[in-house]
Amino acid sequence: MTRIYLDNAATSFPKPPGVAEAVYDYMTSYGCSINRGCYSTAYHIEEMVYETRLLLCRFFGGNDPAEVVFTKNVTESLNILMKGLLKPGDHVLVSSMEHNAVMRPLRQLEKTGVSFTRIPCDHNGRLQASSAMPTDDVFPESLIRSNTRAVIMTHASNVCGTVLPIEKTGRFCKEHGLIFIVDTAQTAGILDIDIEKMCIDALAFTGHKGLLGPQGIGGFILNRRLAEQLEPLLSGGTGSVSHTEELPRTMPDRFEAGTPNLPGIAGLNSSLKWLKERGTASLYEHELLLTRHFLDAIRPLEDQGLLRIIGIEPVKQLFLPDRVGVVSVQTLKHDLSEIAYQLDSQYGIQTRVGLHCAPSAHKTLGTYPTGTIRFSFGWANTFDECDAAAQALAELCN
Ligand SMILES: Cc1ncc(COP(=O)(O)O)c(C=O)c1O
């Protein structure tokens, strides 16, 4: 049985050619640390790390590679940003589509006196506009309080693939003097992201999803104005200013204590170069076509009352970036977990089932507490695989 991997929203697979080799090459030919050793291989790896910062900086429209900080993943990035920034008495706004990578740190912070309000979204995961709102507003101004400090928002839902209006929200935040933090877990490497144009103050990314790198590497880009206000979550050796026991003030060292994940950075370096060469637009186009194709193939099952498709209708205007390649369904006559199990065991189709670490998003979409079966497409998936998944679903749902 051939394996059909449709769980790219969890982590992308396969990685582009060259990524595994870059990790292997680092491990077998270099294997040294950075900022500590005075020898040629250490210098070579330092250059590779700097080049990766530069690639990320350009990729996200940043100004300065020193503003790119490496972490393990977007969860760690969001923890560092939120816990370093928010103080007792602060209030933040989050969308009702957030992942627990945002909500759990926020729940922890709530115990210290930080409060939050959810910006309501509709049953398709879109920010809910009210007729009383001026057209340029993304959410009612009345949600902003005198102590509102920041808006934290996912760029796209990991449950239904709906893209949130990041650029409009960024402008709105700028006009209202709010810090704007974006979780790009489901869009980095897939949609064009420009931190300047989108007025993003802090962008959190993970390396192993759309950026097509290995697991265990992620980071954030933080403008210097905000960096000044951010208390580092971790402290320790950086290999710089070693005469003092105080953390350096300079970026990125201030937020990068300890030895970084160098094999991970080597892999990410390779995947970023591949993405640059292929162009995210063509990869997104492929993902969107697969999504439309799959949705068209399963819509008759919805018409027959066998399943419910969650989220917005597929884009009519082909490249309007209002959704990414994530499709959630609920089977109406059979247990979701049973179907997901059969998809894998009988057909080799690998999906994710249940609640996808985003209870608030599930409540918004009306899929709580059962959850959904999630099919998520990536650059290497084919139309034949979409057809096979739709066919298998039809056989199992009947
Ligand atoms: C929207 C969103 N945010 C955050 C995360 C967490 O990503 P990571 O596990 O790489 O930190 C995910 C992962 O599924 C996600 O989909």
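The values are calculated or read from the model by the stated rules, or taken from the named source; none is laboratory data. This is a predicted model, so every value here is computed, not measured. For neighbour counting, all protein chains shown are included, and Cβ atoms are generated from backbone atoms with ideal geometry for every residue, glycine included.
Restricting to the stretch 108-165, what's the tally of residues that are part of a strand (DSSP E or B) and polar (S, T, N, Q)? Can you show your working first?
First pass over the stretch 108-165, keeping only residues part of a strand (DSSP E or B): 115-119, 121, 127, 148-154, 156, 162-163.
From what's left, polar (S, T, N, Q): 115, 117, 148, 154, 162.
Final tally of qualifying residues: 5.
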Original post:
For the stretch 95-109, how many residues meet the condition of being within 11 Å of the ligand (Cβ to nearest atom) and touching a strand residue (DSSP E or B) at 6+ places or on another chain (Cβ under 9 Å)?
Top reply: 7
Subject >> Members of the stretch 144-159 that are β-branched (Val, Ile, Thr) and over 12 Å from Ser115 (Cβ atoms) >> reply: Ile144, Val151, Ile152, Thr154, Val159
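Counting only residues that are within 22 Å of the chain's Cα centre (by Cα), give me the helices (runs of 4 or more DSSP H) lying completely in the stretch 14-100 with at least 3 of them.
Details: elements: 19-25, 40-59, 74-85.
By residue number, 40-59, 74-85.
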Subject >> Among the residues listed as Thr238, Thr244, Thr250, the single one being more than 16 Å from the chain's Cα centre (by Cα), within 28 Å of Thr28 (Cβ to Cβ) and not aliphatic (A, V, I, L, M) >> reply: Thr238
Subject >> Conditions (1) assigned by TED's automatic domain parsing to the domain that holds Gln350; (2) at positive phi: number failed by Gly258 >> reply: (1)
Original post:
What residue, of Val182, Val163, is within 12 Å of the ligand (Cβ to nearest atom), under 17 Å from the mean Cα position of the chain (by Cα) and either surrounded by fewer than 24 Cβ atoms within 10 Å (Cβ to Cβ) or without any contact (Cβ under 8 Å) to a residue 24 or more places away in the chain (or both)?
Top reply: Val163
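Return the residues of the stretch 71-87 that are more than 13 Å from the ligand (Cβ to nearest atom) and surrounded by 23 or more Cβ atoms within 10 Å (Cβ to Cβ); say none if nothing qualifies. Walk me through it before giving the result.
Initially, the stretch 71-87 is screened for residues more than 13 Å from the ligand (Cβ to nearest atom), giving 83-87.
Scanning the stretch 71-87 gives Leu85, Leu86.
Hand me the list of strands (runs of 3 or more DSSP E) wholly inside the stretch 273-383 holding 2 or more residues that are over 21 Å from Ile4 (Cα atoms). First the steps, then the outcome.
On the way: elements: 307-310, 326-331, 352-354, 372-376.
The strands (runs of 3 or more DSSP E) meeting that bar are 307-310.
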**OP:** Among residues belonging to the stretch 127-160 that are polar (S, T, N, Q) and out of contact with any His (no Cβ under 9 Å at 6 or more places or on another chain), point out the one that is surrounded by the fewest Cβ atoms within 10 Å (Cβ to Cβ).
**Re:** Ser131
